[in-house]
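One structure is given below, encoded as C-alpha cells.
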Ligand code: GDP
Ligand code: MG
C-alpha cells in the first residue's frame, strides 16, 4: 500500500497558518461511471463502505462517508452514481442523484480515469473532449464551489509523462481549484489530497460525531453487500436488473448475532435461474461471500437467508424504484 492515511497528519510538513483551525464540510465525488469514486472514498475512510466492482453503475445511491482527523478537521464525502446518458428510469434517477449532490456541498471532486481518458482523447484527436465529459464540464460551469480535478488510476499509465499534457489540456478548459493525480487503489498521493481538501473546507466545528462513519442504515449496507456479490458473480444484463430488499434485519442480542432476511429481485425468470445457479450453487456462494462481508463490517456473526423473486420491469416502475430506495 502506498501511503498510510491512518497515521496522524501532524507529521506532514504543513506550515500553512490558515490550516491551524478545524475545517469541516461536505465533499461530493462525481464523475463518469467506473472512474474510481467509491474506491477513493473507501480509501480515505479506511473502511469498505461503498461497494466496488469492475462494472459500471455499481453505485446507485448517494452514500455519505465521514472521516474525522482529530484536531484537524472532518470530511463528509458524498459518493454518487456515475454521470452518464441513459433513457432508463433507474439510470435517470441515479444521474439526478449525482447532479443534486453538486449543489449541496462545500467542495466538488471531479474524478477522471486518467488512463482511460488519455486513450479516449488519443482516439478523438486534439481539440475534442469526450461528450460524456463535456456534459459534466457544462454542469460544473454552473457551480460556485471550488472544484478539484482528481486524475485517478495513475498506476495504470504507461508513463507518468503522459500526465502533463492532460493536466494542461484540462486546466485550459476549466478553472479547477486543484488538480491532483492519485491512485485510489494503491493509495498514491491520497494523504496530499486529504490535506488539500481540508485546507479548502470552511473553518467549522465538526458536522458529525467524530466516531460516525455514515448515515446509511444498516439495512441498506447489508443490501449493498449482497448486491455487490450478485454483480461480481453474474454477467451481461443481470447486474442491471437486480435490486436487493432487506425484509428483516434483527440484532439478536441473546445470540450475539444479526439475523438478516433478504430478497434479491430480478426482472425475468431466466435471470432468477442465473442468480440461483445449478443446484442453488451461485445463490449459496452469493450468500456466503456477502455474509462474510457483513460479518467483517458489523463485527458480529450474521445469520443470512436469501430469496430470489421476479419483479418484472421494476427498474422502469416508479413505485418499485421508490420501494427499493432509488429516490
Ligand atoms: P466508481 O464507479 O467511480 O465508483 O468506480 P469504482 O470505485 O467502483 O471502481 C471501478 C473499478 O476501477 C474497480 O474495478 C476498481 O477496483 C478500479 N479502480 C479504482 N481506482 C483505481 C486505481 O486507482 N487504479 C486502478 N488500477 N484501478 C482502480
Ligand atoms: Mg461507485
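Bear in mind that the values in this text are calculations on the coordinates, not laboratory data. Worth saying up front: this structure is predicted, and the values here are computed from it rather than measured. Positions of Cβ are generated from backbone atoms using ideal geometry, with glycine treated the same way; all protein chains shown enter the neighbour counts.
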With Cα atoms, 0 to 90° folded angle of helix 163-173 axis to the chain main axis: 80
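Listing 49, 164 from the residue with the fewest other Cβ atoms within 10 Å to the one with the most, what is the order?
Numbers: 49 22, 164 10.
In order of increasing Cβ crowding within 10 Å: 164, 49.
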Coordinate range along principal axes, alpha carbons of region 150-223, Å, largest first: 43, 33, 22
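Per residue of the chain, what 222 nm ellipticity follows from adding -39500 (n - 2.57) for every DSSP H run with n ≥ 4, rounded to the nearest 500?
-11000 deg cm²/dmol
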Between the Cα axis of helix 114-124 and the main Cα principal axis of the chain, the angle (0 to 90°, nearest 10) is 80
Tilt, helix 89-103 to longest principal axis of the chain (alpha-carbon atoms), in degrees rounded to tens, equals 30
How many nm separate the modelled label positions at residue 103 and residue 120, each set 7 Å beyond the Cα in the direction of the Cβ? 2.5
Once you have the Kirkwood Rh of region 23-200 from its Cα pairs, apply Stokes-Einstein at 37 °C and 0.692 mPa s and quote D in µm²/s. 201
State the dimensionless ratio Rg/Rh of region 218-323 (Rg: radius of gyration of Cα atoms; Rh: Kirkwood radius). 0.98
Sort 254, 48 so that the residue with the fewest other Cβ atoms within 10 Å of its own Cβ comes first and the one with the most comes last. 254, 48
If you stretched the chain out fully between residue 85 and residue 270, how much longer would it get, using 0.36 nm times the residue separation minus the C-alpha to C-alpha distance? 63.9 nm
Given the Cα-Cα distance of residue 215 and residue 247 and 0.36 nm per residue of separation, how much length would full extension add, in nm? 9.5 nm
Could you please state, rounded to a whole Å, how far the C-alpha centre of region 145-178 is from the C-alpha centre of region 74-114? 19
What's the extension gain from residue 196 to residue 160 if we count 0.36 nm per residue and subtract their Cα-Cα distance? 10.8 nm
Highest mean packing first, using Cβ neighbours within 10 angstrom, the peptides 296-303, 34-41, 226-233, 278-285 sort as 34-41, 226-233, 296-303, 278-285
Send over the semi-axes of the chain's equivalent ellipsoid, whole angstrom and largest first, taken as the square roots of 5 times the C-alpha gyration tensor eigenvalues. 34, 25, 18
